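Okay, structure first, notes after.
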Amino acid sequence: MNSNKVQFIYENKLIELDNPDPNQTILNFIRDELKKTGTKEGCAEGGCGACTIVLGELENKKIKYKAINSCISFTPTLHGKQLIVVENLVSKNGSYHPVQEAMAKYHASQCGFCTPGFVMSIFAMSKNRKKNNEDDIKDAISGNLCRCTGYRPIIDAAKNIKKTYFDEFYKNSKKTINLLKKIHSKSIIIENKNKKYFAPKTIEELKKVIQKNPDSDFLSGGTDLSLKVTKDRKEIKKIINLNNIKELNFIKIKNNEIIFGSTTPLIEVEKFILKYYPDFNNILRRYGSVQIRNVGTIGGNIATASPIGDTLPLLLSLNAKIIIQTHNGDRQIFLNKFFIKYRKTKLKKGEFIKSIIIPIYKNHNFKAYKISKRFDDDISSVCASFNLKIKDQRIQDVTIAYGGMAEIPKRAKNCENFLKNSKFSEDIFEKAKNLLKKDFNPISDMRASKNYRLEVAENLLIKFFIETKTKKLFRVYQ
Ligand SMILES: Cc1cc2nc3c(=O)[nH]c(=O)nc-3n(C[C@H](O)[C@H](O)[C@H](O)COP(=O)(O)OP(=O)(O)OC[C@H]3O[C@@H](n4cnc5c(N)ncnc54)[C@H](O)[C@@H]3O)c2cc1C
Ligand code: FES
Ligand code: FES
């Protein structure tokens with residue numbers, strides 16, 4: 001059974017929308033239809049955080065709160081969730097939420113345009129954690145930009161939120177949980193003028209939807225797709241949302257491999273992978289912002305095939321494989337064989353990524369580095385990833401991959417071949433770095449010049465050698 005109704009909870013009421021516009025952003029819905037204008041539009045591309053809202057989702061009978069960018073999420077994706085906007089934080093008697101109080105007390109707002117976004121990011125952080133250290137705070141607000149106050153007073157405010165919570169969502173969470181449980185769990189099919197939106201619940205249903213609508217776009221986190229609407233000003237006629245399919249959102253370990261379902265949000269990948277590959281976690285912590293990682297998915301990052309997609313060099317150097325659902329069943333392919341040319345992959349129309357398989361290397365040295373103009377919330381100029389096994393002071397196995405150095409994320413094969421079976425020594429790495437010019441012929445663009453990219457790539461190889469040799473990390477953050 002399908003439904004054309006999108007249901008969600010707002011102000012502790014069940015809201016139902018019949019056939020909402022699949023291209024309408026949640027931000028426009030909040031401002032134009034709910035008439036709540038506290039949520040602002042700054043960039044309309046997920047980069048400034050002025051539009052931050054919080055969504056509540058049921059997870060193991062509890063509500064989990066996530067800050068997201070409402071400017072790049074579509075209204076139908078509200079289905080099954082609790083929507084919280086900045087106006088909802090004020091209590092019924094008109095007193096401010098402790099986060100708002102702290103922002104005022106610590107002079108954390110001047111023009112005020114960014115303030116609702118900061119308040120919502122800090123609110124979400126405080127809801128999910130009892131205690132926040134400075135790193136947590138910086139992470140939580142890494143996707144919020146302020147151009148007049150400066151960040152120090154905002155961090156001070158976040159550190160000094162009164163612990164006596166009086167927010168209604170906390171008190172009413174039982175009621176909210178009950179309301180969330182009442183939301184229908186049917187697959188959704190929306191038709192709005194010339195646009196269609198599908199949110200199937202199973203892979204079997206998904207296959208049928210694809211068969212009838214082969215010209216659709218898949219939607220995972222939407223952190224890339226939605227920009228077609230908000231930046232390119234184009235319509236997306238048919239959207240298939242993959243996020244309601246539980247079979248695509250999982251994490252497991254099998255046969256010494258980590259397997260991520262393709263719609264696993266990057267924030268979950270970040271937490272899980274820490275134990276196995278701390279540098280994978282480090283790179284993900286610098287991926288966009290919490291808002292972006294709360295929705296953006298590992299499968300979406302791979303399918304986007306951007307030469308500067310941050311997970312891609314890491315996955316390449318870890319010899320990751322992906323499972324693709326083709327028209328004739330599942331197909332397993334090494335990621336190394338997946339990218340064809342600039343943003344082109346082996347995926348044919350209607351095929352989708354089901355899962356990502358990452359081997360667990362126990363005795364290898366794995367390190368990754370991201371070079372960008374800003375530390376947080378910025379795209380890589382160069383991203384490098386190294387996976388090396390040393391035995392008896394010789395390099396037994398080595399896989400090196402770079403992003404930002406070619407039209408696709410790519411392995412450094414000449415460099416790898418030279419290093420393999422060589423001595424693990426400085427002079428060998430000094431020679432190997434010269435081979436990167438053979439492996440890559442990068443372009444100059446607004447992020448970096450060709451020469452800068454090549455020099456950074458070489459330096460990162462040497463940095464990897466030094467960090468591995470000395471067993472010390474030379475990082476801004478560790
Ligand atoms: C503010 C901002 C900051 C960003 N920062 C970074 C960053 O630091 N590093 C970085 O690498 N990227 C960054 N990005 C880019 C973006 O996050 C990635 O492209 C993202 O990984 C896309 O994933 P998604 O789940 O949001 O995909 P979506 O936008 O939902 O989809 C992207 C594309 O992949 C297709 N697709 C999605 N899932 C599948 C699937 N399972 N099978 C087949 N096709 C699929 C869609 O149809 C679409 O064409 C940023 C984006 C924004 C807006
Ligand atoms: S308006 Fe800038 S992140 Fe949404
Ligand atoms: S207070 Fe003006 S942009 Fe932050």
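Every number here is computed from the coordinates shown, using simple stated rules; none is lab data. Remember, it's a predicted structure, so these values are computed and weren't measured experimentally. Methodologically, a virtual Cβ is constructed for each residue, glycine included, from the backbone with ideal geometry; neighbour enumeration extends over all protein chains shown.
Here is the link list: Lys391/Lys472; Lys163/Lys275; Lys127/Lys373; Lys61/Lys370; Lys13/Lys246. Which ones come out longer than 29 Å on Cα distance? Write out the running numbers ahead of the final one.
Working: Lys391/Lys472 19 Å; Lys163/Lys275 31 Å; Lys127/Lys373 31 Å; Lys61/Lys370 38 Å; Lys13/Lys246 26 Å.
Distance filter (> 29 Å) returns Lys163/Lys275; Lys127/Lys373; Lys61/Lys370.
About the Cα centre of the chain, how large is the charge dipole given +1 on each Lys and Arg Cβ and -1 on each Asp and Glu Cβ? Please answer in debye to the nearest 20. Please report the intermediate quantities before stating the final value.
Working: 85 positive and 50 negative charges, 172 e Å.
Dipole size: approximately 820 debye.
Ignoring the sites themselves, the chain has its longest run without chymotrypsin sites (Phe, Trp or Tyr not before Pro) in a DSSP loop having at most 10 other Cβ atoms within 10 Å at 1-473.
Below 8 Å, C-alpha to C-alpha, sequence gap of six or more: please give me the relative contact order for the chain in percent. Kindly include the intermediate steps, with their values, before the conclusion.
Working: 977 pairs, mean separation 55.2, N = 478.
This gives 12 percent for the chain.
Put simply, when 291-297, 186-192 are sorted by average Cβ atoms within 10 angstrom per residue, most first, you get 291-297, 186-192. Based on Cα contacts under 8 Å between residues 6+ apart, the stretch 96-165 shows a relative contact order of 54 percent.
Which whole-number percent is the relative contact order of the stretch 247-359 (Cα, under 8 Å, 6+ apart)? Can you show the working numbers first?
Values: 189 pairs, mean separation 32.3, N = 113.
That works out to 29 percent.
Remark on Arg394: its backbone amide H falls under 5 Å from those of Phe424, a criterion applied only to residues 5 or more positions apart or on other chains, H modelled at 1.01 Å from N. Using only side-chain charges placed at the Cβ, +1 for Lys and Arg and -1 for Asp and Glu, the dipole size of the stretch 247-359 relative to its Cα centre rounds to 340 debye.
By other beta-carbon atoms within 10 Å, ranking Leu58, Leu347 with the fewest at the front produces Leu58, Leu347. Taking the Cα centre of the stretch 2-44 as reference, the dipole from Cβ charges on Lys and Arg (+1) and Asp and Glu (-1) amounts to some 180 debye. Under the shape rule built on the C-alpha gyration tensor, where the axes satisfy a ≥ b ≥ c, the stretch 233-294 is oblate, since a/c reaches at least 1.5 while a/b does not exceed b/c. Annotation for the stretch 60-151: trypsin sites (Lys or Arg not before Pro) lying in DSSP loop with at most 16 further Cβ atoms inside 10 Å of their Cβ are Lys61, Lys92, Arg129, Lys130, Lys131, Arg147.
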